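What follows is a short report on a single structure.
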Amino acid sequence: MKTILNTKKTVNYYIYTNITVFIIAFIIMLIDILTIDDKLSLSSALISIGVVIIICGIFLGLLWIYYKLIYGFLIKKLMKNYKELEKIDYE
């Protein structure tokens, strides 16, 4: 059981690391969009920022849901197998 909990912590750290790297990449992309064109007006810059933030939010949400769904299925199987192993040990 302890190894299952350690695996769960490790996977959570992996998920948080991926999301953090993704956010940093989007921030770099946003800075690049805003600094590449000096003729960019304020309204165009705000629209660009809004679009990038919305796309980033949607993608992060989908990524989070994907990880939680897949990981949820795996944890359920692990816990089921663990309970079966406990039953075998006690018999």
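The values are calculated or read from the model by the stated rules, or taken from the named source; none is laboratory data. Remember, it's a predicted structure, so these values are computed and weren't measured experimentally. Using ideal geometry, Cβ is built from the backbone for each residue, glycine included, and neighbour counts are taken over all protein chains shown. Accessible surface is based on the protein model in full, side chains and every heavy atom, while ligands, DNA and RNA are left aside. Shrake-Rupley method; radii C 1.70, N 1.55, O 1.52, S 1.80 Å.
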| query | What does the helix-only formula give at 222 nm for the chain: each DSSP H stretch with n ≥ 4 adding -39500 (n - 2.57), the total divided by the residues, and the result rounded to the nearest 500 deg cm²/dmol? | reply | -34000 deg cm²/dmol
| message | As I understand it, the value is the acute angle between the Cα axis of helix 42-90 and the longest principal axis of the Cα atoms of the chain; what does it come to in degrees, rounded to 10? | response | 0 degrees
| By accessible area of protein heavy atoms, probe 1.4 Å, what ranking do Leu85, Leu78 get, highest first? | Leu85, Leu78
| Over the chain - Rg/Rh using Cα atoms and the Kirkwood inverse-distance radius | 1.29
| said: For the chain, take the longest principal axis of its alpha carbons; what is the angle in degrees between that and the long axis of helix 2-36, to the nearest 10 within 0 to 90? | reply: 10 degrees
| task | For an R0 of 22 angstrom, estimate the FRET efficiency from the Cβ-Cβ distance between Tyr66 and Ile24 and round to the nearest 0.05. | result | 0.65
| Sorting Met79, Met29 by accessible area (1.4 Å probe), largest first, what list results? | Met29, Met79
| Reach of Lys77 by Cα under 19 Å, taken over lysines that are not fewer than 8 positions away in the same chain | Lys2, Lys8, Lys9, Lys68, Lys87
